[in-house]
Amino acid sequence: MTHAYGNRSGVRYMTGGLKVYYVPWRPFLMQNTLPTFYGTLPIIRTILIRERISLVHGHQAFSTLCHEALMHARTMGYKVVFTDHSLYGFADVGSIHMNKVLQFTLADVSQAICVSHTSKENTVLRSGLLPEKVFVIPNAVDAAMFKPAPERPSSNDIVIVVISRLVYRKGADLLVEVIPEVCRLHPNIRFIVGGDGPKRVRLEEMREKHSLQDRVEMLGAVPHAHVRSVLISGHIFLNSSLTEAFCIAILEAASCGLLTVSTRVGGVPEVLPDDMIILAEPDPRDMVRAIMKAVSILPRIDPQVMHDRMKKLYSWHDVAKRTEIVYNRALKCSNQNLIERVSRYLSCGAWAGKLFCLVMIIDFLLWRLLQLLQPAGDIEEVPDFILPHQHQESEVLEDFKEQCLG
Amino acid sequence: MVKFSFSNSRYTYMNESEWPSEAVGIHHIVVQRSFLRGFCVSALLGNGVYLLLVKENSVPVLFWSLLLTEFLLMFLLWNPVYKESVIIMPAFGVQLETHYSSGRIVHNFVPVGKILKPVLVECVTPVTCYWSLSLIVRGEEELMLAFMKLRPPLKMLVPIWKSLCAAIDCRRRSTTFREDG
């Protein structure tokens, strides 16, 4: 379940029995819906009942819809799992508020998943969640999609690829320092920069200032389907993020047979074996040193060998199996009544604890009111329906009709 | 002649066929009035009991509060639609009717040649999600709802959808015969 994107609204059936609800709540800031606290209760309740849901899994600490859905699911007695995909700070005003919201959501979650051990440490410290409840399941890469080029790019130039959002968090300012220095030291190096963002202007200015138009190519935003074709045109992948919980981009690059140079931040050291990645401090001089080292060991790299290793190390099937284990653990958690659950919120803070309790009590009362106005028996359950292959269409339709008529 | 009918707490579904040929299929969805009446009566009684307990002696206050409750209930719960019907005439087309409590009837006829396919779709709004039966009409960008005002449950929509599919298929086959022969 997510919010509507443009005019993509309503229900979509995907392959493998996946069904997506695009609820028509307009995003108001950075792809997030307006936090109304209780506004989403009716639609979430309707969807959970009609689809016979057993467990609710929310993603991303910055998603208002996620926090609201998890809150309502807990009120209605469903088991809840939360996955955190990013690292956040502790010191600035935005992070302090975000961490408080996270503390509220995670105070009563059944289980949590983080994408790296560093991310687990960060989440546990920010939210006060018990470490025993947090599982580490790293992301994976689709090795079938990210294959190396049949032949390596043959020119004498060494091509360094950068694909990221050009924002402060992703180290776009570091790139502005590093690229001219590397171009000066090594006349055979070219850069391809894919991605867009507020810092793109700085990179364009850097190109003009150092006359690097023929050595630095700016591609703009690259759709995900075209990322592989951009990656295979290069030899080295450069990641300059200032913070990263995991970094799937370097997995994709390694799967395409590129040697990676990255900043040593967050969960990045946990992602690739030491012979596939060269780490540097998020400092321009250290990054230039790392790039030079990468250039020197480049002749020893075999893209196909790298791809085969990545295929064995990471697979989405493995992630699915591990996630299922977390779901089974969550479903075994005991059911708790309102009083027991509310007492967990009181430990969140002197004032915050009482506020959270109040929010949950009001949510509980609103849920009871909704049960009176629209009893669960009035909400029809959806029959199971999986997209048929062509020859199965009539059988699936007959099955659907039987389920509807009971 | 009523072939079969069944109901839930809000609607009653009735399937009729026209004598003598039974070629025409008529499907009605009727709003249940009893549910509404019961709610109004209990709300008014509740209001009256509350006022007695508070020992409100002033007659104008009693009168106005009861009147206000009545208007509020009518505004929130009154459904001007009494019945909606789908009349399927396989050779000609489909007639969609909305019957209002005031006696007004709104008709909408769709020729069978213009109907591409009847579909059951799930509609998602910011507060709820429900099934609706719609027609994909040639030349129109938007789907045409079979039931404009009411939201009957899926169990009531499926027999109507089956009849519509059968009528469209029948027409398509007879058109193909005519083109071949």
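The table below gives the values:
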| read-out | value |
| --- | --- |
| By average C-beta atoms within 10 angstrom, highest first, the peptides A:286-299, A:231-244 | A:231-244, A:286-299 |
| Vicinal HN-Hα couplings computed from phi for the stretch A:333-345 (Karplus, 6.51 cos²θ - 1.76 cosθ + 1.60; Hz; Gly/Pro x) | 4, 6, 6, 10, 8, 4, 4, 5, 6, 5, 5, 5, 6 |
| Net charge over other residues, Cβ less than 15 angstrom from the Cβ of A:M1 (K, R count +1; D, E count -1) | +3 |
| Cα centroid of the stretch A:225-239 to Cα centroid of the stretch B:98-172, whole Å | 50 Å |
| Charge tally in the Cβ shell below 14 Å around B:S102, where Lys, Arg are +1 and Asp, Glu are -1, B:S102 excluded | +3 |
| Relative packing of peptides A:259-268, A:351-360 - highest average C-beta neighbours within 10 Å first | A:259-268, A:351-360 |
| Proxy reagent accessibility, fewest Cβ within 10 Å first, across B:R33, B:R171 | B:R33, B:R171 |
| Distance (nanometres) between label positions extended 7 Å along Cα→Cβ at A:L338 and B:R33 | 3.8 nm |
| Cβ-based exposure ranking for A:W316, B:W131, in which fewest neighbours within 10 Å come first | A:W316, B:W131 |
| Amide H within-cut-off set for A:G266, under 5 Å, with H built and near neighbours excluded | A:E244 |
| Test item: B:153-159 mean partner chain Cβ contacts at 10 Å | 4 |
| Label-point separation in nm, A:M218 to A:L346, each point 7 Å along Cα→Cβ | 5.8 nm |
| Förster-model FRET efficiency, 22 Å R0, B:N108 and A:V20, C-beta, rounded to 0.05 | 0.10 |
| Under 14 Å, Cβ to Cβ, from A:V326 - net charge with Lys/Arg +1 and Asp/Glu -1 | +3 |
| Chain lengthening between A:L130 and A:L369 when straightened (0.36 nm per residue, less Cα-Cα) | 82.7 nm |
| Chain A: angle of helix A:350-373 to the longest principal axis, Cα-based, in degrees nearest 10 | 60 degrees |
| Highest-first arrangement of B:133-140, A:105-112, where packing means the average Cβ count within 10 Å | A:105-112, B:133-140 |
| R0 of 56 Å, Cβ-Cβ distance A:I362-A:E208: FRET efficiency to nearest 0.05 | 0.50 |
| Amide H contacts under 5 Å for A:I192, placed H, 5+ residues apart | A:I160, A:V161, A:V162, A:E217 |
| In the stretch A:150-182, GluC sites (Glu not before Pro) in a DSSP loop with at most 11 other beta-carbon atoms within 10 Å | A:E151 |
| Exposure proxy order (Cβ contacts within 10 Å, fewest to most) of A:E68, B:E16, A:E132, A:E281 | A:E132, A:E281, B:E16, A:E68 |
| Principal semi-axes in Å for the protein assembly as shown [√(5λ), Cα gyration tensor, largest first] | 56, 35, 21 |
| Charged-residue dipole, Cβ positions (Lys, Arg, Asp, Glu), chain A about Cα centre, Debye nearest 20 | 680 debye |
| Cβ neighbours within 10 Å from other chains - mean over B:119-128 | 6 |
| Rounded tilt (10° steps) of A:393-405 against the dominant C-alpha axis of chain A | 30 degrees |
| Cα lying deepest toward the dipole's positive end in the stretch A:158-314, options A:A254, A:N239, A:V268, charges on Cβ | A:A254 |
| Note, ³J(HN,Hα) from phi for the stretch A:96-113, Karplus 6.51, -1.76, 1.60, rounded to Hz, x at Gly and Pro | 4, 5, 4, 5, 5, 4, 5, 4, 4, 5, 7, 4, 10, 7, 6, 9, 9, 10 |
| Paramagnetic reach from A:D384 in the stretch A:1-43 [backbone N under 14 Å; point 7 Å along Cα→Cβ] | A:16-18 |
| Coarse-grained scattering of the stretch A:158-314 at q = 0.11, 0.17 Å⁻¹, given as base-10 log I(q)/I(0) from a Debye sum over alpha-carbon atoms | -0.37, -0.95 |
| Rounded to 10°, Cα long-axis angle of helix A:200-210 versus longest principal axis of chain A | 0 degrees |
| Positive-end residue of A:Q304, A:P284, A:L331, charge dipole of chain A with Cβ unit charges | A:P284 |
| Rounded Å value of the spacing that divides the Cα centres of the stretch A:270-325 and the stretch A:128-177 | 9 Å |
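All of the numbers you see were taken from the coordinates with simple rules; none came from a lab. Just so you know, these numbers come straight off a predicted model, no measurement behind them. Here the Cβ is made from the backbone with ideal geometry for all residues, glycine too, and neighbour counts use every protein chain on show.
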